[in-house]
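Asks: Handing you a structure now.
The values are calculated or read from the model by the stated rules, or taken from the named source; none is laboratory data. Just so we're clear, the structure is a prediction, and the values are computed from it rather than from any experiment. Virtual Cβ from ideal backbone geometry, glycine too; neighbours counted across all protein chains shown. The area values use the complete protein model at the heavy-atom level, side chains included, leaving out ligands, DNA and RNA. Shrake-Rupley method; radii C 1.70, N 1.55, O 1.52, S 1.80 Å.
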Amino acid sequence: MAFVAIADRDHEHALHDPQSFIRKYIWSQDHKVIAVQYALVAISIGLVALTMSVLMRLQLGFPDTFNIIAPQEYYQYITMHGMIMVIYLLTALFLGGFGNYLIPLMLGARDMVFPYLNMLSFWFYLLAVLVLVAGFFVPGGPTGAGWTLYPPQAVLPGTPGATWGIICMLASLAIFIVAFTMGGLNYVTTVLQARCRGMTFMRMPLSVWGIFMASILGLLAFPALFVSAIMMALDSLIGTSFFMPAVASMGEKTVHTGGSPLLFQHLFWFFGHPEVYIVALPAFGIVSDLLSTHARRNIFGYRMMVWAILAIGCLSFVVWAHHMYVSGMNPYFGFFFATTTLIIAVPTAIKVYNWVLTIWRGDVHLTVPMLFAIGFIFTFINGGLTGLFLGNVTVDVPLSGTYFVVAHFHMVMGVSPILVVFGAIYHWYPKITGRMFDEALGKFHFWMTFLGAYAIFLPMHYMGILGVPRRYYGYSDAIQFIPPSVHEANEWISISAMIVAATQLVFLYNLIHSYFKGPVADPNPWRATTLEWQTPQTPPKHGNWGKDLPEVHRWAYDYSVPGAPEDFIPQNVPHSDKTPVGREHGVPT
Amino acid sequence: MSHEPATLEPGFRGVTADWSADKQAFPVPWGKAMMWIFLLSDTFIFSCFLTSYMNVRMSTTDPWPNTAEVFALTVAGHHIPLLLIAIMTMVLITSSGTMAMAVNFGYRRDRKRTAQLMFATAALGLCFVGMQAFEWTKLIVDEGVRPWGNPMGAAQFGSSFFMITGFHGMHVTGGVIYLSVVAWRVLSGFYDRKGTYETVEVAGLYWHFVDLVWVFIFAFFYLW
Ligand code: HEM
Ligand SMILES: [Cu+2]
């Protein structure tokens, strides 16, 4: 008996609605509820990381004034801030949040293929966050090893949190990886196996492509972090020497002998670089859809965009050691990894050109999501260009360890994906909640955040070129090469950071207030083509599609097709005299 | 699946046809597709373990103990290197055979035989774990090997050994439980009611993978 695809089955899979509150909203297997759960937890823990960054900025901008952070605690702040932002906020929000919400809806499926596993994924994620938070309360506090957790210092006394804190961090990461694996397997299998009729790969919206590729990267990259977490935990707990060389600490020889700290760096970055793309690829995909929808233009070079996502995904596994130019590894490696790094810039640049060409001469509606999407293009180009500097060994050597690096990665994987997160939340908010947000507040939020991000991170490029080192608690006047302008820049940055942080309260207010008081939203307020906007109910009910699954007849980008009655043709509208074929794969109309 | 779907074209054209089709990329059940992807991810875990082991083995300054010596048994006065490991490997490979037979009987919906062979596979797996426990005990008690050091040489020997075989042993143990549950369900007619024995095949995939990993551990850890 051949296996019958879901779209060809009868209604055996139509799900029945759970009734009780708990089954519906807490212990829920519905991908939409799980998505919101993921998003709420991610945003909550993200607020912790944001608060920490403000406190750090208070210290850096106004040393000796506030004294909220003690010097040794500063490391704990950067570590927790960085790790939370990268893993527990962005990764969880893009894949657990948007991945869960969008994949089944955009592909015309009723749910993920294994909803129970999907639900477990969320609960494990919550557990990971709780263990992470527990790190704040254990003796010695959270680890201060930096978000890269490099040994030997990560487990040596003298580093804050070297006994309990680091174990909480490693345990939390391991649990997170288990949670991600359960979710990621679902996302990948759903994309591969549970699309509706007519939904071919080359008709999938780019959001799904980005999330799909990012999930694959996650499944192949997180193993390296998982393994290094186990080995570091063993080094720390029972005194093995995987990563720990023979070192003296506090005047005494430690129990360790003969391990390889460099091995950790390789494993960490074998995970760490793909991780950048785990965060970036969903952002790439989503921003493509936002630009196309709000500019009423088909995405420029759809096929190229897909191939670029695949190429970036593959290449991201062979560039990792560009983070290790100053680690003391074999210098020939530097040559190899600089080359691959420059190669990966090619598909990335193609994507940027295509985004610009998509909105070029489009019928651009400057809605809130569109503003964020355009803002992303700016910050991403900025971060991408500084990446070219850091990708070259000779340029990187003097710049690594300075604020130039801080500026670069905040632009490229901090600000840029966060802008997309905001844009995406605004874009899908009407579908998720059934209410409309406040446009004016949204625009205010955009301008403050976008300009604020530049106010914060642009001066850091300048500081970095002057050689101001990163991960420093303060810069006393005894450090002679640091001119007074740096101190002024630090004050400016800190004030900007506080304003930006305060603006996020406006965003939260907008989300919460509109949920209760906002006007009821149109089912398809942006007049978008993709399937999630064509659901019978808004917000979509359990099972998404009512009795019959949708059927797809065209790609996701039929905007402004000449001869069509409206300026968009949804994917589930068949070809007919009234609705032309559209521009699928460059077919002219 | 006992019969291939009628639409399947052979060769490269078939692959492109599948990938450019709607609905699904592979004509297989979801559980099977997901197991394949999981195993790919798990492959990366074991690869990381094994490369790390090779790395520390090369970076450590102390001499590496001679595995042929350490893992030798003296039976009836004869000193036989790697004897236990050879038997363990045989047991595990045999279990792959019984598993393959179970899957085959599953295709034919032979409830009894399928269940019997799966229980046999699980029993062989249990046997493997038992021998591993014996090996660990011998190493710890008789030879004084600890994860953090040993009298024969580099500390990383014990660390890698316990970590990698331990992680693999956990996979085998998990597999034994998994197989037993599935076998029990086969016996109770659960899959007859469901109308498909695909879970047997999925469990088989996992089991073959665990065996395959062992072959690599055997080659890289014991033979090198
Ligand atoms: C208002 C927004 C933000 C502010 C004001 C901010 C501020 C900071 C500060 C002051 C540091 C420490 C720099 C040092 O002393 O070396 C830092 C480090 C870091 N931040 Fe942010 N940050 C923000 C948003 C983000 C976001 C969205 C991400 C997400 C990727 C992120 C990721 C990191 C990472 C990975 C580090 C490095 C930690 C380390 O050195 O181990 N930050 N940030
Ligand atoms: Cu990188």
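Asks: Step through the residues of the stretch A:46-57 one at a time and calculate ³J(HN,Hα) from phi using the Karplus curve (6.51 cos²θ - 1.76 cosθ + 1.60, θ = phi - 60°), rounding each to whole Hz and writing x for Gly and Pro.
Replies: With coefficients 6.51, -1.76 and 1.60, one gets x, 5, 4, 5, 5, 4, 4, 5, 5, 4, 4, 5 Hz.
Asks: Additional query: What FRET efficiency would be calculated for the residue pair residue A:8, residue A:327, taking the C-beta separation as r and a Förster radius of 51 Å, to the nearest 0.05?
Replies: 0.40
Asks: Further question: For residue B:12 and residue A:134, FRET efficiency with R0 = 56 Å and r from the beta-carbon atoms, rounded to 0.05?
Replies: So, using R0 = 56 Å, E works out to roughly 0.60.
Asks: Expressed as a whole number of Å, what is the distance separating the alpha-carbon centroids of the stretch B:135-183 and the stretch A:271-345?
Replies: 39 Å
Asks: To the nearest whole number, what is the average tally of beta carbon atoms from other chains within 10 Å of the beta carbons of peptide A:214-220?
Replies: Other-chain Cβ atoms within 10 Å of each residue's Cβ, averaged: 2.
Asks: Skipping prolines and chain starts, which residues have an amide H placed within reach, meaning under 5 Å, of the one on residue B:72, given they are 5 or more residues away or on another chain?
Replies: So residue B:72 has HN proximity to B:82.
Asks: Could I ask something else about it? From the cross-link list A:24/B:112; A:547/B:32; A:32/B:194; A:547/A:578; A:517/B:23; A:547/B:194, which pairs have alpha carbons spaced over 31 Å apart?
Replies: A:24/B:112; A:517/B:23
Asks: Under 17 Å from a point 7 Å along the Cα-to-Cβ line of residue A:492: which residues of the stretch A:465-481 have their amide N that close?
Replies: A:465-468
Asks: With +1 on each Lys and Arg Cβ and -1 on each Asp and Glu Cβ, and nothing else charged, work out how big the dipole of the stretch B:28-222 is about its Cα centre, in Debye to the nearest 20.
Replies: Charge dipole, the stretch B:28-222, about its Cα centre: 820 debye, nearest 20.
Asks: Per-residue Cβ counts within 10 Å, from other chains only, averaged over B:155-168: what number is that?
Replies: 3
Asks: Work the Kirkwood hydrodynamic radius out for the protein assembly as shown: mean of 1/r over every pair of different alpha-carbon atoms, inverted, in Å.
Replies: Result for the protein assembly as shown, one decimal place: 28.6 Å.
Asks: Using a basic spin-label model with each label point 7 Å from the Cα along Cα→Cβ, how many nm lie between residue A:238 and residue A:310?
Replies: Modelled inter-label distance: 4.5 nm.
Asks: Testing the spin-label approximation: label points 7 Å from Cα along Cα→Cβ at residue B:76 and residue A:317. State their distance in nm.
Replies: Label-label distance for residue B:76 and residue A:317, simple model: 5.0 nm.
Asks: Per 0.36 nm of contour for each residue apart, how much would the distance between residue B:112 and residue B:170 grow if the chain were fully extended, relative to their Cα-Cα spacing?
Replies: Taking 0.36 nm per residue and subtracting the Cα distance, the gain is 18.1 nm.
Asks: Counting only other chains, and only Cβ atoms inside 10 Å, what mean value do you get across the residues of B:35-43?
Replies: 5
Asks: Measure out, as a whole number of angstrom, how far apart the alpha-carbon centroids of the stretch A:354-396 and the stretch A:106-179 sit.
Replies: The two parts, judged by their Cα centres, are 31 Å apart.
Asks: Enumerate the aspartates and glutamates that residue A:431 could reach by cross-link, defined here as Cα to Cα under 15 Å, with residues fewer than 8 away along the same chain left out.
Replies: Excluding near neighbours in sequence, the set is A:522, A:532.
Asks: Running a GNM on chain B with Cα contacts under 10 Å, which residue among B:188, B:20, B:59 ends up with the highest mean-square fluctuation?
Replies: B:20
Asks: With runs of 4+ DSSP H residues as the only contributors, calculate the mean residue ellipticity of chain A at 222 nm using -39,500 (n - 2.57) per run, divided by the residue total and rounded to the nearest 500.
Replies: Per the formula, -19500 deg cm²/dmol.
Asks: Using mean Cβ contacts within 10 Å as the protection proxy, how do B:131-140, A:238-247, A:563-572 order, highest first?
Replies: Averaged packing, sorted descending, gives the order A:238-247, A:563-572, B:131-140.
Asks: State, as an integer percentage, the relative contact order of the stretch A:167-306 based on alpha-carbon contacts under 8 Å between residues 6 or more apart.
Replies: 29 percent
Asks: Sorted by accessible area with a 1.4 angstrom probe, largest first, how do B:58, B:163 fall?
Replies: Heavy-atom accessible area, descending, gives B:58, B:163.
Asks: Right, another one. What does a probe at residue A:44 reach in the stretch A:108-142, counting residues whose amide N is under 15 Å from the point 7 Å along Cα→Cβ?
Replies: Only A:122-134 pass the distance filter.
Asks: What FRET efficiency comes out for residue A:566 versus residue A:443 if R0 is 35 angstrom and r is the Cβ-Cβ distance? Round to the nearest 0.05.
Replies: Efficiency at R0 = 35 Å is approximately 0.85.
Asks: Then there's this: Extension gain residue A:477-residue A:378, at 0.36 nm per residue separation less the Cα-Cα distance, in nm?
Replies: Contour length minus the Cα-Cα distance gives 32.1 nm.
Asks: Next question. I'd like the distance between the alpha-carbon centres of the stretch B:60-127 and the stretch A:527-583, rounded to an integer number of Å.
Replies: Measuring centre to centre over Cα atoms gives 56 Å.
Asks: Please turn the phi angles of the stretch A:74-81 into ³J(HN,Hα) values with the Karplus equation 6.51 cos²θ - 1.76 cosθ + 1.60 (θ = phi - 60°), one per residue in order, whole Hz, x for glycine and proline.
Replies: My calculation for the stretch A:74-81 gives 4, 4, 5, 5, 4, 4, 5, 4 Hz in order.
Asks: Taking amide H atoms as placed 1.01 Å from N in the peptide plane, list the residues 5 or more away in sequence, or in a different chain, whose amide H sits under 5 Å from that of residue A:249.
Replies: A:254
Asks: Before rounding to the nearest 500, sum -39500 (n - 2.57) across all DSSP H runs of length at least 4 in chain B and divide by the residue total; then give [θ] at 222 nm in deg cm²/dmol.
Replies: -23500 deg cm²/dmol
Asks: What whole-number value in Å² describes the accessible area per residue of the protein assembly as shown for a 1.4 Å probe?
Replies: Computed with neighbouring chains in place, this is 40 Å² per residue.
Asks: Run the accessible area of the protein assembly as shown with a 1.4 Å probe and give the carbon-and-sulfur part as a rounded percent.
Replies: Reported share for carbon and sulfur atoms: 69 percent.
Asks: Same structure, new question: Applying the Karplus parametrisation 6.51 cos²θ - 1.76 cosθ + 1.60 with θ = phi - 60° to the phi angles of the stretch B:167-173, what ³J(HN,Hα) value in whole Hz is obtained for each residue in order, glycine and proline being reported as x?
Replies: With the stated coefficients, the stretch B:167-173 comes to 5, 5, x, 5, 4, 5, 4 Hz.
Asks: Report relative contact order for the stretch B:28-222 in percent, whole number only (criteria: Cα-Cα under 8 Å, sequence separation at least 6).
Replies: 29 percent
Asks: Then there's this: To the nearest 10 square angstrom, how much accessible area does residue B:199 have with a 1.4 angstrom probe?
Replies: Approximately 30 Å² of residue B:199 is accessible to the 1.4 Å probe.
Asks: Please report the antiparallel percentage of DSSP beta bridges with both residues in the protein assembly as shown, rounded to the nearest 5.
Replies: 90 percent
Asks: If amide hydrogens are placed 1.01 Å from N in the peptide plane, which non-local residues have theirs closer than 5 Å to the one on residue A:197?
Replies: A:552
Asks: Here's a follow-up. Considering only B:72, B:123, B:155, give the residue with the highest GNM mean-square fluctuation for chain B, with springs between Cα atoms whenever their separation is below 10 Å.
Replies: Comparing B:72, B:123, B:155 in the GNM, the peak value goes to B:72.
Asks: Quick one: putting +1 on the C-beta of Lys and Arg, -1 on the C-beta of Asp and Glu, what dipole do you get for the protein assembly as shown around its Cα centre, in Debye to the nearest 20?
Replies: About 1180 debye.
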